[in-house]
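Visitor: This structure is in structure tokens; I'll ask about it shortly.
The values are calculated or read from the model by the stated rules, or taken from the named source; none is laboratory data. Note that the structure is a prediction, hence the values are computed from the model and not measured. Virtual Cβ from ideal backbone geometry, glycine too; neighbours counted across all protein chains shown. Please note that ligands, DNA and RNA were not included when accessible areas were found on the heavy atoms of the full protein model with its side chains. Shrake-Rupley method; radii C 1.70, N 1.55, O 1.52, S 1.80 Å.
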Amino acid sequence: MPRHPRGPVWALVGGLLLASLSGCGHHASRAAMWTSCSRPSSAADIRQFSVSGGETCSHANRVLGYTAFGHEGSCGDACRYLGYTCRQHPGGLKSNSFGGSYYTYEDDVCVRGQHQAAWRIVFH
């Protein structure tokens, strides 16, 4: 009698279903969900402001204020604030009229355990 390939497929689907229903699978999916926050009022053009892992938008706004504006103007490669480790990743290098260049945006991410906050600051 020939073997049907569906047997292993159904076993895999069943295993994935059990993992998704277990506490571990549910916890991992909740930690990965991001919630959008409203753009904070500031002189900077802040976009894609979001939080995950139980972080709140209001608390993340305090972290953003320090790392983007209160830490000598920026966080650089890494800084720490309220137990968070924050990193900036500049991008969009563009030439200016003086022969130099500047970054058109920077992406910031701050993490403390499962609490995360992220945003993009656009430079005009």
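Visitor: If you take the residues in segment 40-80 that are within 21 Å of His124 (Cα to Cα) and polar (S, T, N, Q), which one is nearest to the chain's Cα centre (by Cα)?
Guide: Once the filter is applied, the top-ranked residue is Gln48.
Visitor: Among the residues of segment 84-124, count how many are over 15 Å from Ala68 (Cβ atoms) and of a type in the set (Lys, Arg).
Guide: 2
Visitor: Based on what the data block shows, is Cys79 under 21 Å from Arg39 (Cβ atoms), hydrophobic (A, V, I, L, M, F, W, C) and in contact with a helix residue (DSSP H, G or I) (Cβ under 9 Å, 6 or more places away or on another chain)?
Guide: Judged against the criteria, Cys79 is not a match.
Visitor: So, restricting to strands (runs of 3 or more DSSP E) that lie completely within segment 12-124, which ones have at least 2 residues that are at pLDDT below 80 and open to solvent by less than 30 Å² (accessible area, probe 1.4 Å)?
Guide: none
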